[in-house]
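All of the numbers you see were taken from the coordinates with simple rules; none came from a lab. Quantities reported herein were computed from a predicted structural model and do not represent experimental measurements. Because the Cβ atoms are built from the backbone with ideal geometry, glycine has one as well, and the counts that use them run over all protein chains shown.
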Amino acid sequence: MKAIGIFDSGMGGLTVMRALKARLPNESFIYLGDTARLPYGTKSADTVTRYAVQASAALMAHDIKLLVVACNTASAAALPTLSQSLAPLPVVGVIEPGAAAAVAAVPEGPIAVIATEGTVRGGAYVRAIQALSPQMPVVQQACPLFVALAEEGLRDGPITELVARRYLEPLLATMPRPRGLVLGCTHFPVLKATIAKVAGADVTLIDSAETTAAAVEKILREKSLLHDGPAQPPKFLATDAPGRFAHLGEIFLGEPIDPGAVTLVDL
């Protein structure tokens, strides 16, 4: 049976894989974390596109049936290139599903987006949200330290809360006050409890993982690619430190990762 391929700059995309596994329990998955070259969010669009092409080629070698770009920065920079070069293979990013979830959650807005520097600089979320709701006010904030905190497993505590306040308090002080907050990086859901605490109960957090999983299911159903039998154990590829990937990846995936299932690859 063919698997669904997923890639991210590191372990953040495992939050998307978690949602996919919950929604599609009969599907098999192979995940690539480009841990040697993270973060993508501080790099140029051309560099991110080159990395994304290399990561997708490594997954294509495993004869996947669909590719999920579980990285907001790569979705913003490389999705058109990947969709064209890999056709007819279906390619799904996380930005459009996240934008749809935001507009559905707070249709009157305003919406705030926190993401990496690259995603904010490219304005992909603003375009995607306003394509659905042209008059929607959208404000953005780059939160690069959130990626490092998530990758180090620092989900809460005084350091994480201090960084969250530094990023979020000026953003949420804009007027009119945002009612929705898009977690525009797949690393950020790991920090959701701290982000929610700082943002306050009147701000709805939007995570694109579940919406992305729904989009994948829709495509598989339309193309008659859904698998009915039992799933095979997931496989993992990492470009650096596979042992660390297995250890910390559990935080993102929500279940233990067998170190023997993680293969070191060179892109």
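The table that follows gives values for the structure above.
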quantity: Value at 222 nm in deg cm²/dmol, rounded to 500, when DSSP H runs of n ≥ 4 in the chain each add -39,500 (n - 2.57); calculated: -14500 deg cm²/dmol
quantity: C-alpha center-to-center spacing [segment 159-180, segment 109-154] in angstrom; calculated: 13
quantity: Residue exposure sequence - I257, I6, I206 - by fewest surrounding Cβ within 10 Å; calculated: I257, I206, I6
quantity: Karplus-derived 3J(HN,Hα), 6.51/-1.76/1.60, for each residue of segment 195-208, Hz, glycine and proline x; calculated: 4, 5, 4, 6, 5, x, 5, 7, 10, 8, 8, 10, 10, 7
quantity: Fewest-first sequence of I251, I114 by Cβ atoms within 10 Å of each Cβ; calculated: I251, I114
quantity: Whole-Hz ³J(HN,Hα) from phi, Karplus 6.51 cos²θ - 1.76 cosθ + 1.60, for segment 250-267, glycine and proline x; calculated: 4, 4, 7, 7, x, 7, x, 10, 5, x, x, 8, 9, 10, 7, 10, 10, 8
quantity: Label-point separation in nm, E250 to R127, each point 7 Å along Cα→Cβ; calculated: 4.1
quantity: Pairwise Cα inverse-distance average, inverted: Kirkwood Rh of the chain (Å); calculated: 18.3
quantity: Whole-Hz couplings from phi, Karplus 6.51/-1.76/1.60, listed for segment 59-71; x for Gly and Pro; calculated: 6, 4, 5, 9, 6, 6, 9, 7, 10, 10, 8, 8, 8
quantity: Cross-link partners of K218 among aspartates and glutamates (Cα-Cα below 19 Å; sequence separation of 8 or more within a chain); calculated: E27, E96, D207, E210, D228
quantity: Residue order, fewest to most surrounding Cβ atoms within 10 angstrom, among R127, R221; calculated: R221, R127
quantity: Distance from segment 38-62 to segment 188-267 (C-alpha centre basis), Å; calculated: 18
quantity: Debye log10 I(q)/I(0) at q = 0.18 Å⁻¹ for segment 95-208, Cα point scatterers; calculated: -0.82
quantity: All lysines inside 19 Å of K235 as judged from Cα atoms, apart from same-chain residues fewer than 8 positions distant; calculated: K2, K21, K65
